[in-house]
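Reviewing the structure listed below.
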Amino acid sequence: MTETPTPGTPPRPEERPPSSRIDPSVPHAARRYDYWLGGKDNFAADRASGDAVAAAYPSIRTTVIENRKFMQRVTRHLARSGVRQFLDIGTGIPTSPNMHEIAQAVAPESRVVYVDNDPIVLAHARALLTSSPQGATAYVDADLRDPERILADPELRATLDLDRPVALMLIAILHFLPDGDDPYGVTRRLVDALPSGSHVVISHATTDLVPRQIAATAAPSTRSSMIDMAFRGRDQFAAFFDGLELLEPGITPVTEWLPDDAPEQRTPVAQASMYAAVARKP
């Protein structure tokens, strides 16, 4: 039985049309990421936020490009290894090739669910829902901080079989959750809902890999950008994988995780200061 809203009660944010939920005066991480990637789905506030970070860390655009390359490599690697279900939380604005395009190029029957809380991403959901005939894609409008809602979503349940292994993709998203948002608890809740044989993929911003003078300006630059980030060290990053089996090559800089190119052609670690790792649930 559907509950009738009380007259005069404002709709929940997710029930409002996407256009009415967009505030161009407030920067959003997905739109700022789009700006750094050279996209057009961003506003002046997003560009100002991006420029504030770039002033302290000029290699930020290189970092997001390398993170994007990591997503492509790891998705292709998992699909070739037999993974057929992907849950991508913190999807961002579509940038081809998207995750389902990569996975389905290897295995057309792959099934992908995208999750994001930016209404602009929702407005572009059609680009994320163009699946191969053999596979499936779906989009869930939700926030990583609410794992219960994500896991209970009808679109997710109709697309993924949570009794079969799933690759949980948390790519460049957990650094937007400060410790007060319990990022480790959120991650555990998602992992606990997946069966044995599932994989967890994480990339995360760090100041471990940059010169000391740049590391000292990292936190102040995010505050001035109006989007806080939690830069976590290697041990803090490793804690996300407690109870899981890290796969080779273990925890590495994002550019060093099974790279496609020769060492002399790779972006220097300090220009893409992110950790990356993949683990399997026993």
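For this structure, a couple of remarks:
- Label-reachable residues, segment 182-210, where backbone N falls under 16 Å from a point 7 Å from residue 162's Cα toward its Cβ: 186-199
- Rounded accessible area of residue 61 (nearest 10 Å², 1.4 Å probe): 90
- Calculated FRET efficiency for the pair residue 54/residue 26, C-beta based, R₀ 25 Å, to 0.05: 0.85
- Theoretical ellipticity at 222 nm over the chain - DSSP helices of four or more residues, -39500 (n - 2.57) apiece, nearest 500: -10000 deg cm²/dmol
- Residue-level accessible surface for residue 231, protein heavy atoms, 1.4 Å, Å²: 70
- Extension gain, residue 266-residue 245: 0.36 nm per intervening residue step, less the Cα-Cα distance, totals 4.8 nm.
- GNM result for the chain, Cα springs below 10 Å: residue of 235, 116, 163 fluctuating most strongly: 235
- Distance between modelled label sites at residue 47 and residue 96, nm, 7 Å Cα→Cβ extension: 2.5
- Choice from 172, 193, 125 showing the highest fluctuation, given a GNM over the chain with Cα pairs closer than 10 Å: 193
- Gain upon complete extension [residue 149, residue 106; 0.36 nm per residue less C-alpha separation]: 12.4 nm
- Rel. contact order, % - alpha carbon contacts under 8 angstrom, at least six apart, the chain: 19
- When a 1.4 Å probe is rolled over the protein heavy atoms, the share of accessible surface on the chain that falls to carbon and sulfur comes to 52 percent.
- Total formal charge among the other residues, if their Cβ is under 12 angstrom from that of residue 232, Lys/Arg +1 and Asp/Glu -1: -2
- Heavy-atom accessible area per residue - the chain, 1.4 Å, Å²: 46
- Selected from 54, 158, 30 as most flexible by GNM, with the chain as the system and alpha-carbon contacts under 10 Å: 158
- Against the criterion of solvent-accessible heavy-atom surface with a 1.4 angstrom probe, 264, 148, 66 sort, most first, into 264, 148, 66.
The values are calculated or read from the model by the stated rules, or taken from the named source; none is laboratory data. Computed from a predicted model, the values in this text were never measured in an experiment. Quick reminder, even Gly has a Cβ in these numbers, built from the backbone with ideal geometry, and neighbours come from all protein chains shown. For the accessible areas, the whole protein counts, side chains as well, though only heavy atoms, and no ligand, DNA or RNA atoms are used. Shrake-Rupley method; radii C 1.70, N 1.55, O 1.52, S 1.80 Å.
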